[in-house]
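Notes to accompany the following structure.
What follows is calculated from the coordinates using simple rules that are stated; it is not laboratory data. Because the structure is a prediction, the values reported are computed rather than measured. FYI the Cβ positions are ideal-geometry reconstructions off the backbone, even for glycines, and counts take in every protein chain you see.
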Amino acid sequence: MSAATGDAEAARAQARETVVAAGTSFYWAMRILPRQRREAMFAVYAFCRVIDDIADSNDPPEAKLAALSAWRTEVGAIFSGTPSEPIARNLVAAATHFDLREYDFLALIDGMEMDAREDIVAPSLATLDLYCDRVASAVGRLSVRIFGENSPDADRVAYALGRALQVTNILRDLDEDAARGRLYLPRELLERHSVPVGPPAEVLAHPNIADVCDEVAALAERRYAAAWGAMKHCQHRAMRPAAVMAAVYHATLVRLRRRGWSRLDKPVSVPRVVKIWLALRHGLL
């Protein structure tokens with residue numbers, strides 16, 4: 001084995017370990033892919049993980065932005081075939097083989113920069129939608145191409161499903177985000193339900209916060225419905241991983257709504273056996 005081949009295999013192994021260690025629902029959807037597509041998705045996930053860790057670090061904003069800027073340069077190097085970081089080198093083959101688009105990687109960095117500049121608190125609906133597009137739908141646009149679909153309908157799946165998954169994450173992580181000084185619930189909905197915008201922990205303690213969360217959950221439901229509708233116009237086999245992701249995250253949303261919004265510190269998750277069942281149901285049928 002040559003040194004270059006050994007380095008490539010080590011980078012792929014690192015990407016796989018990153019996904020497994022994260023314990024993410026993403027893993028169950030990607031397991032049904034053929035090896036080359038699965039390894040490409042793991043490489044994309046590892047990239048997302050490293051830039052997300054930068055945005056979530058305790059470093060000052062200027063240090064975060066400098067680190068993200070370095071990754072912006074590294075993305076350019078991926079598409080010129082000259083990256084230096086192992087995670088970036090692992091993406092060269094995927095970007096070439098699956099015709100991935102540079103601007104989708106850059107959109108992800110744009111989203112991380114939104115978090116890095118300052119803690120987001122009660123963004124407008126328009127800002128929240130832009131954030132979701134950058135940090136989630138951009139991943140979807142990369143993903144559907146790796147799955148084997150690059151049609152406008154596949155991009156519509158990415159548009160809707162990315163937003164659905166991100167809004168589900170927002171509702172799941174309200175308590176955790178508040179501890180970091182962040183609050184992604186939209187300002188217009190807080191105002192509609194007479195919840196004053198203030199420190200995140202105080203906002204979440206307001207008696208009307210359940211009404212806000214119910215509206216946000218309904219928004220997520222509409223996005224899931226739109227994603228499933230768009231999937232019907234795509235190749236069934238290519239969309240199986242997206243269907244698994246939608247099913248697992250929608251199961252999380254259902255459990256969140258069932259738990260309610262008075263005990264935001266009570267964690268909600270989908271049991272492993274349910275994830276396996278959903279992966280089998282949507283990945284094989």
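The table below gives the values:
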quantity: Over the chain: Kirkwood hydrodynamic radius from C-alpha pairwise inverse distances, Å; calculated: 19.5 Å
quantity: Extension reserve of the Arg101-Glu215 stretch, reckoned as 0.36 nm per residue once the Cα distance is removed; calculated: 37.7 nm
quantity: Local net charge near Arg222, Cβ-Cβ under 15 Å (Lys/Arg +1, Asp/Glu -1); calculated: 0
quantity: The chain - mean residue ellipticity at 222 nm from DSSP helices (-39,500 (n - 2.57) per run, n ≥ 4, rounded to 500); calculated: -24000 deg cm²/dmol
quantity: Folded to 0 to 90 degrees: helix 3-22 orientation relative to the chain principal axis, Cα; calculated: 20 degrees
quantity: The chain - percent relative contact order, Cα under 8 Å, separation 6 or more; calculated: 19 percent
quantity: Eligible lysines near Lys232 by straight Cα distance, threshold 20 Å, same-chain separation 8 or greater; calculated: none
quantity: Pair Ala63, Ala225: separation of 7 Å Cα→Cβ label points (nm); calculated: 4.7 nm
quantity: Alpha-carbon spread of the stretch 125-255, three principal axes, descending order, Å; calculated: 46, 24, 23
quantity: Sequence-separation-based contact order of the stretch 173-259, relative, with Cα cut under 8 Å and 6+ spacing, percent; calculated: 21 percent
quantity: Placed amide H near Val121: partners under 5 Å, 5+ positions off or other chain; calculated: Leu183
quantity: Separation of alpha-carbon centers, the stretch 107-155 and the stretch 172-202, rounded to whole Å; calculated: 20 Å
quantity: Net charge contributed by nearby residues that have their C-beta within less than 13 Å of Phe147 (K/R +1, D/E -1); calculated: +2
quantity: Placed amide H near Ser269: partners under 5 Å, 5+ positions off or other chain; calculated: none
quantity: Crossing angle, helix 138-147 versus the chain [Cα axis fit, 0-90 degrees, rounded to tens]; calculated: 40 degrees
quantity: Formal net charge of residues neighbouring Asn208 (Cβ-Cβ distance under 13 Å; K, R +1; D, E -1); calculated: -4
quantity: Nitroxide proxy distance, nm - points 7 Å out along Cα→Cβ at Glu176 and Thr127; calculated: 2.3 nm
